[in-house]
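All remarks here apply to the structure that follows.
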Amino acid sequence: MNLKKALAIGLFMGVAGQATAADTTLRVASWLPPTHPQNAVVWPTWSKWVEEATEGRVKVAIEYGMGHPKTMFEMVEDGVADASFSYHGYVPGRFKLTQVVEQPLLGVNAEAASVAHWKIHQKYFTQANEHEGLEVIGLFTHGPGQIHLADPVTSLADLKGKKIRLGGGIQGEIGHRMGVTAVGAPAPKVYEMMQQGVIDGVFIPMGEQKSLRLKEVAKNVIALPGGMYLGSFSIFMNPDFLADLDPKDRAAILAVSGEKLSAMAGKAWDAGDAAGLIAAQEAGVNITMVKDGDALSTEFANLVKGMDENFYAAAAERKVDGKAALSELRELARSYK
């Protein structure tokens, strides 16, 4: 066992020790700051659901700063933590089907996309087993990804050669088509990188203007209608932890997860985007609100032509009908109320 895992287990042992011996403690690993909506809203809300559903027999303990988000999958699979969440794009090559919800021009908020994401995953993707070794209990997206920059630009072509932090997934393809110099890093590092001039900008939702304090370092935002993409996340648990629970508690936890958890997570990230927009406006950030039909909107639509076909090919490698899945996801998301 490496030192990082040993320290992580030690931290969790301390948290678990706060519960009474009669309780089962469900240990959640998180990598975003405590003030982020995922930690301030999603986990506390789900924790309450779990404790109520199990009549207090299962209590949830959240530990922050547990490492790079890409390590969360392994951490839960290995039993260092019982549950966590992460962004699929941080693990290139493993997750291809989850990019269905990231495709450009979907034009919906995170709540609608998250519910559609869960339903399409259950119908089309589970047999591909991209989350092998994990029990997926929720799927969600962040809000529309926008362009946050230190200096203003007047067209997407102006981004060519600029150093842009990209989080993986569909962002990578969009950045490649724009000709940016891609820089990889977890989201919590973006503020520092912008402050030090390591990067010129970042593709990320509006909520991070507040939660990651980008309003202080990214003073220019291009907000495309519906954003450039949506980022795909999963919430997952260790299957052995679930199997060891009393069947009624296992059923209770799963009953407050799935579509219900996915919708709640998406809604929380939407609220974060609304708060981020207000914070940016109050901080004097220069926000270009692009409308459908504007030159920037048309430029982006032309830029992303052919990306659907790329997804179909990737899905075919997993023996999945990508065209049917994407078509149904768009129908579900756009009709969501």
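The values are calculated or read from the model by the stated rules, or taken from the named source; none is laboratory data. As the structure is a computational prediction, the values presented were derived from the model and not from experiment. As a convention, Cβ positions derive from the backbone with ideal geometry for all residues, glycine included, and neighbour counts pool all protein chains shown.
Of the residues that sit in the stretch 155-182 and are polar (S, T, N, Q) and surrounded by fewer than 20 Cβ atoms within 10 Å (Cβ to Cβ), which one is nearest to Gln195 (Cα to Cα)? Steps first, answer last, please.
Quick first cut of the stretch 155-182, residues polar (S, T, N, Q) only: 155, 171, 181.
Now drop any that are not surrounded by fewer than 20 Cβ atoms within 10 Å (Cβ to Cβ), which leaves 155, 181.
Details: Ser155: 24, Thr181: 18 Å.
Looking at the filtered set, the residue picked out is Thr181.
Whether any residue in the stretch 256-272 is of a type outside the set (Val, Ile, Thr) and surrounded by fewer than 14 Cβ atoms within 10 Å (Cβ to Cβ) is what I want to check.
Initial filter on the stretch 256-272 (of a type outside the set (Val, Ile, Thr)): 257-272.
If we keep only those that are surrounded by fewer than 14 Cβ atoms within 10 Å (Cβ to Cβ) too, we end up with none.
For the stretch 256-272, residues of a type outside the set (Val, Ile, Thr) and surrounded by fewer than 14 Cβ atoms within 10 Å (Cβ to Cβ): absent.
For the stretch 180-225, what are the residues that are without any contact (Cβ under 8 Å) to a residue 60 or more places away in the chain, small (Gly, Ala, Ser) and in contact with a Gly (Cβ under 7 Å, 6 or more places away or on another chain)?
Correct list: Ala182 only.
Assuming Gly79 fulfils every condition listed in (1) surrounded by 22 or more Cβ atoms within 10 Å (Cβ to Cβ); (2) in a loop (DSSP other than H, G, I, E, B) apart from one, which condition is it?
Here Gly79 meets the rest and fails (1).
If you go through the stretch 41-59 one residue at a time, do you hit one that is part of a strand (DSSP E or B) and either assigned by TED's automatic domain parsing to the domain that holds Leu212 or out of contact with any Gly (no Cβ under 6 Å at 6 or more places or on another chain) (or both)?
Let us first name the residues in the stretch 41-59 that are part of a strand (DSSP E or B), namely 58-59.
If we keep only those that are either assigned by TED's automatic domain parsing to the domain that holds Leu212 or out of contact with any Gly (no Cβ under 6 Å at 6 or more places or on another chain) (or both) as well, we get 58-59.
Yes, that holds for at least one residue.
Count, please, the residues in the stretch 200-211 that happen to be surrounded by fewer than 24 Cβ atoms within 10 Å (Cβ to Cβ) and either under 14 Å from the mean Cα position of the chain (by Cα) or part of a loop (DSSP other than H, G, I, E, B) (or both).
Taking the stretch 200-211 first, the residues surrounded by fewer than 24 Cβ atoms within 10 Å (Cβ to Cβ) are 200, 210.
Imposing the further condition that a residue be either under 14 Å from the mean Cα position of the chain (by Cα) or part of a loop (DSSP other than H, G, I, E, B) (or both) reduces the set to 200.
Of the residues in that region, 1 qualify.
Could you list all residues from the stretch 179-188 that are at pLDDT 95 or above and either of a type in the set (Asp, Glu) or not in a loop (DSSP other than H, G, I, E, B) (or both)?
Going residue by residue through the stretch 179-188, those that are at pLDDT 95 or above are 179-183.
Thr181, Ala182, Val183 - these are the residues of the stretch 179-188 that are at pLDDT 95 or above and either of a type in the set (Asp, Glu) or not in a loop (DSSP other than H, G, I, E, B) (or both).
For the stretch 28-40, which residues satisfy the criterion of being in a loop (DSSP other than H, G, I, E, B) and farther than 20 Å from Gly167 by Cα? I'd like the intermediate steps shown before the answer.
In the first step, residues of the stretch 28-40 are kept if they are in a loop (DSSP other than H, G, I, E, B); the result is 30-36.
Within the stretch 28-40, Pro34, Thr35 meet the criteria.
Applying the selection to the stretch 296-326, what residues are free of Cβ contacts under 8 Å to residues at least 60 places away in the same chain and either surrounded by fewer than 14 Cβ atoms within 10 Å (Cβ to Cβ) or in contact with a Phe, Trp or Tyr (Cβ under 9 Å, 6 or more places away or on another chain) (or both)?
Applying the first criterion (free of Cβ contacts under 8 Å to residues at least 60 places away in the same chain) to the stretch 296-326 yields 298, 302, 305-306, 309, 312-313, 316, 323.
Listed by number, the residues that qualify are Thr298, Asn302, Lys305, Gly306, Glu309, Ala313, Ala316, Lys323.
Looking only at strands (runs of 3 or more DSSP E) that lie completely in the stretch 126-167, which have at least 2 residues being assigned by TED's automatic domain parsing to the domain that holds Met72 and under 21 Å from Ala243 (Cβ atoms)?
Values: elements: 135-141, 145-149, 163-166.
Correct list: 135-141.
So which pairs qualify, if the first residue must be in the stretch 136-157 and within 30 Å of His117 (Cα to Cα), the second must be among the charged types (D, E, K, R) and surrounded by fewer than 17 Cβ atoms within 10 Å (Cβ to Cβ), the Cβ gap must be under 6 Å, and the two must be at least 6 apart or on different chains?
Cβ pairs passing all conditions: Leu156/Glu299.
How many residues are under 14 Å from Val136 (Cβ atoms) and either within 13 Å of the chain's Cα centre (by Cα) or not assigned by TED's automatic domain parsing to the domain that holds Gln38 (or both) when one looks only at the stretch 225-266?
Number of matching residues: 7.
What single numbered condition from (1) within 15 Å of the chain's Cα centre (by Cα); (2) surrounded by fewer than 16 Cβ atoms within 10 Å (Cβ to Cβ) fails to hold for Ala185?
Only one criterion in (1) within 15 Å of the chain's Cα centre (by Cα); (2) surrounded by fewer than 16 Cβ atoms within 10 Å (Cβ to Cβ) is unmet by Ala185, namely (2).
Examine the stretch 299-317 for a residue that is touching a strand residue (DSSP E or B) at 6+ places or on another chain (Cβ under 7 Å) and either closer than 21 Å to Leu149 by Cβ or basic (Lys, Arg) (or both), and state whether such a residue exists.
Taking every residue of the stretch 299-317 in turn, none turns out to be touching a strand residue (DSSP E or B) at 6+ places or on another chain (Cβ under 7 Å) and either closer than 21 Å to Leu149 by Cβ or basic (Lys, Arg) (or both).
Would the stretch 146-154 turn up any residue that is of a type outside the set (A, V, I, L, M, F, W, C) and crowded, with 23+ Cβ neighbours inside 10 Å?
The answer is yes; a qualifying residue exists.
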